[in-house]
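Throughout, read-outs are computed from the coordinates displayed, never taken from laboratory work. Keep in mind it's a predicted model, so treat the numbers as computed, not measured. All Cβ positions, even for glycine, are placed from backbone atoms using ideal geometry, and neighbour counts span all protein chains on display.
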Amino acid sequence: MAQPTTDPIPVEFAGLREETRAPAAERAGALELGTVLLKRWRLVVGLPLVAATLAAAVTLLLPPRFTATVTFVPEQRSPNRGGAGGGGGLVGIAGQLGIPLGMDPTQSPRFYAQVLKSRELLARVLLTKFPDPRRPEAGDSLRLLTILKVRGKSTADSLDRGVRRLRGLVSPQVDLQTYLVTLGVTTRDPDLSAAVATRFIEYLNEFNAKKRESQARARREFVEQRIVDGERELNAAEDDLRRFHERNRAWQESPELSAAEGRLRRQVDIYQEAYLTLRRDYEQARIEEVNDTPVITVIDPAVPPQRQSHWRLVLVLVVLALTGMIAALWASTAEYLDEMRRQQSGVYQEFARSAQRARSDIRLTLRTFLGRRG
């Protein structure tokens, strides 16, 4: 009687079976997790809802916050203003990625965003006086450091604490596509938020102007000094040529003297050309010193916000998401322990004894620590 033959499974079908087995296992795992969450739905749903409700109640007890925003765009000035090289496409792509290729890095929007959170600017704003939001009718003005109720062991400590506090209240954002910079300032008073945001832009303009004007002044002073040196060198070369002509009246008749006169005249021409170039550069530097004023164009000025910030809703959603993950992990762990207790009683008993010993050790340690402190 002929024995039935079993053909081996082709390699391609075996690979297909292995590929379909993995998604099946993933679906089974997802179903198991869903079953666990449904079995303990009171924990999975109740814990996040209770935590979110408590978070909402706590946020209602806290004072409101108002965020004022101001949007501006810094002037983008390339060193090669008139040239249109082959790297224009590369410069454009780099600009979209936030890389200031072909321009001064101190003109990039990210530079301005960093300056807005610098200690120098924050400290200056903290020491500036603003109308007291608690007594607006009296017209009193207090330093922002006092309005924020920042206290320290000393003046320097108070200012350091205030810088950290104010740095958390300001949020500059940069749009790499349009080079727009948006500054948000959050305080408990809408008028104060708008006033602080406006003062930030004023101080940023002053900082920018001082920096750029000092650079233009340094260029002008350098060229001015070079003009003095160039004029002295030109005068010395012209005096050498004049003395040569006085000593050698018939220099055209001697090949040696003609060559020497040519060298002296070329030296005069070189110094003269350098001097004229320096004079042109000096006039250009003087113009730049006057006109090279940095431009920060304010697109949307800061106005007192009419609505509170959405930080309450964000906080509730964050608490809801975190407690939801904790509840899901808690349900999965509880189901795993129940399964372990049913199938592997010995392992579970060992785990329970280890947990009991750990609790006893923690209690003993806490009692010892509290007894020593008492």
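Report the gain in length on full extension from Q308 to L38: 0.36 nm times residue separation, minus Cα-Cα distance, nm rounded to one decimal.
Details: separation 270, 0.36 × 270 = 97.20 nm, distance 3.82 nm.
The Q308-L38 span can extend by a further 93.4 nm.
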Within the range 189-276, DSSP-loop trypsin sites (Lys or Arg not before Pro) with at most 16 other C-beta atoms within 10 Å are R249
Sort I147, I296 by Cβ crowding within 10 Å, fewest neighbours at the top.
I296, I147
For the range 152-260, what D do you get in µm² per second when you plug the Kirkwood radius from alpha-carbon pairs into Stokes-Einstein at 37 °C and 0.692 mPa s?
159 µm²/s
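How high is the relative contact order of the range 215-295, in percent, counting Cα pairs under 8 Å that sit 6 or more residues apart?
Details: 47 pairs, mean separation 42.4, N = 81.
RCO, the range 215-295: 52 percent.
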Relative contact order of the range 138-193, defined on C-alpha pairs under 8 angstrom at six or more residues apart (%)
19 percent
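Quick one: grab the alpha carbon gyration tensor of the range 215-295, order the square roots of its eigenvalues as a ≥ b ≥ c, and give me rounded if a/c is under 1.5, else prolate or oblate depending on whether a/b is larger than b/c.
Numbers: a/c = 5.60, a/b = 3.95, b/c = 1.42.
Prolate, since a/c reaches 1.5 and a/b exceeds b/c.
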How high is the FRET efficiency between L276 and K210 when r is their beta carbon distance and R₀ equals 41 Å, given to the nearest 0.05?
0.80
